[in-house]
1. Within region 17-29, which residues are in contact with a Phe, Trp or Tyr (Cβ under 8 Å, 6 or more places away or on another chain) and surrounded by 10 or more Cβ atoms within 10 Å (Cβ to Cβ)?
2. In region 1-24, how many are over 32 Å from the mean Cα position of the chain (by Cα) and part of a strand (DSSP E or B)?
3. I need every pair where a residue in region 66-88 that is at pLDDT 90 or above has its Cβ under 6 Å from the Cβ of a residue that is of a type in the set (D, E, K, R) and surrounded by 10 or more Cβ atoms within 10 Å (Cβ to Cβ), sequence separation at least 6 or different chains.
4. Of the conditions (1) hydrophobic (A, V, I, L, M, F, W, C); (2) in a helix (DSSP H, G or I); (3) modelled with pLDDT under 80, LEU40 clears all except one; give me its number.
Amino acid sequence: MNKIATSACTSCHKIFPRTKMRLVSSYEKSGSSKGISTNLATKKSTRVSYRSYSRKRERWVCYSCYAIQLDNQRKSRKVGWILSIIGFLLIVGLMDRENPDDEFNPITNPDRFIDTQEVWKDKKN
Ligand SMILES: [Zn+2]
């Protein structure tokens, strides 16, 4: 009887058979190297090489943790959307408010301010 390979889930650290898990692979930069390679046999070709290494990282994640991860990704994308919508509404709201404020602002609209003072004087007399 074949034994099914097991792995520990990187999220919840429980051990599951790999048939009930998902292999999640991601690439991460592990560094870079500069090197000079000389072909000693011919002594003619000297190569300067520069390369950056990105390491493939594979993690076994059980189905329930994978589902949670996907859900979190979806939620953070949704939060990003909501934040950008709120930001947009705030900007629109500030632009909308500029006009009525100016109307009663004595600095930007002195004529109207004087008018209202005159009206008050009239009412008192
Ligand atoms: Zn798990």
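1. If we filter region 17-29 for residues that are in contact with a Phe, Trp or Tyr (Cβ under 8 Å, 6 or more places away or on another chain), which is where we start, we get 18, 20-24, 29.
Correct list: ARG18, LYS20, MET21, ARG22, LEU23, VAL24.
2. 2
3. TYR66/ARG22
4. Of the numbered conditions (1) hydrophobic (A, V, I, L, M, F, W, C); (2) in a helix (DSSP H, G or I); (3) modelled with pLDDT under 80, the odd one out for LEU40 is (2).
The values are calculated or read from the model by the stated rules, or taken from the named source; none is laboratory data. Keep in mind that what you see is a predicted model, and the values were worked out from it rather than measured. Every residue, glycine as well, gets a Cβ built from its backbone with ideal geometry; the counts of neighbours run over all protein chains shown.
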